[in-house]
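What follows is a set of notes on a single structure, which appears directly below.
The values are calculated or read from the model by the stated rules, or taken from the named source; none is laboratory data. Since the structure is predicted, the reported quantities are computational estimates derived from the model, not experimental observations. Using ideal geometry, Cβ is built from the backbone for each residue, glycine included, and neighbour counts are taken over all protein chains shown.
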Number of protein chains: 2
Amino acid sequence: MDAEREYCPVHEAIQVLQAKWTMHIVRALLDGPLGFNELGRAVGGCNPATLKVRLDHLEELGLLRRTVHSQMPPRTSYELAPAGVDLQRVIDAIDAWGREHLDVAAGEADEEPSLAVG
Amino acid sequence: MDAEREYCPVHEAIQVLQAKWTMHIVRALLDGPLGFNELGRAVGGCNPATLKVRLDHLEELGLLRRTVHSQMPPRTSYELAPAGVDLQRVIDAIDAWGREHLDVAAGEADEEPSLAVG
DNA sequence: GGAAGACACTTGACAAAGTATAGCACTATG
DNA sequence: CATAGTGCTATACTTTGTCAAGTGTCTTCC
């Protein structure tokens, strides 16, 4: 198949970001480092199995760093690496778009809710 | 569960965009309207079943518009609605990030990418 | 004129991805 | 001492996406 046409960074980037929970994880981590369960909750209820897979992948990709403070009792923290921090702009863009096109509660008086989610 | 905490447009926006193929579809459509199969190919080989579901969802969300030119022979075109066009900024941000952190082929002969995908 | 291919889907079997739940070894709190 | 919390892992289950094939009509090629 033509999965390997010309190498395209945008395509690859989208591939990375569209994985379920990935952007939520990045967004949560932009506010500062978090522990595993803490992150799971911040992200909106991702279950540990999926979370671990995502985290491993993102670490391997160099987007975040894992620091084990103590093994028993378990204490770990996850924080964004520079490449991850640079995603701030992407999240910002999504943020702006979301506010403009999804936020019906805030500006309901003048504009019709063009986007319904849920 | 706190699935329905305070309504957060960013969260919703991420939810919309992280669905598989969604960003690829938007990106493809930013270059102009496309037909169904055409779009499927542009997007990188999404199968028709999934593509239809995504397209229906995006249309329902108001991100794109479907125009049936003729039913038989079938001829339809999909194009971005204003809300979809506004995603250009998001795609641009992803583009920039991708080029900065994923594009290894452009500047060096090294075959080992710092970020391996797929 | 007849076969082949394109178009926009649809269907149904199947695989992959994500989820729920429980549990481990341990500490801190009440 | 019991309960809740830590970072994870294992198992079973559900949701989601994929593949292959088919539909009816038109266009293109020979």
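Tabulated data
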{"read-out": "Only one of A:ALA49, A:ALA19 that is surrounded by fewer than 21 Cβ atoms within 10 Å (Cβ to Cβ) and either near DNA strand D (Cβ under 8 Å from one of its atoms) or farther than 20 Å from B:VAL10 by Cα (or both)", "value": "A:ALA49"}
{"read-out": "In region A:65-86, the residues that are within 14 Å of DNA strand C (Cβ to nearest atom) and in a loop (DSSP other than H, G, I, E, B)", "value": "A:GLN71, A:MET72, A:PRO73, A:PRO74"}
{"read-out": "Criterion violated by B:GLY45 - all others in (1) touching a Cys at 6+ places or on another chain (Cβ under 9 Å); (2) modelled with pLDDT under 95 satisfied", "value": "(1)"}
{"read-out": "Test for A:ALA13: is it among the small types (Gly, Ala, Ser) and facing chain B (nearest Cβ under 8 Å)", "value": "yes"}
{"read-out": "Residue satisfying all of: in region A:16-52; at the interface with another protein chain (Cβ under 8 Å from one of its Cβ atoms) and touching a His at 6+ places or on another chain (Cβ under 9 Å); nearest to B:HIS101 (Cα to Cα) among these", "value": "A:VAL16"}
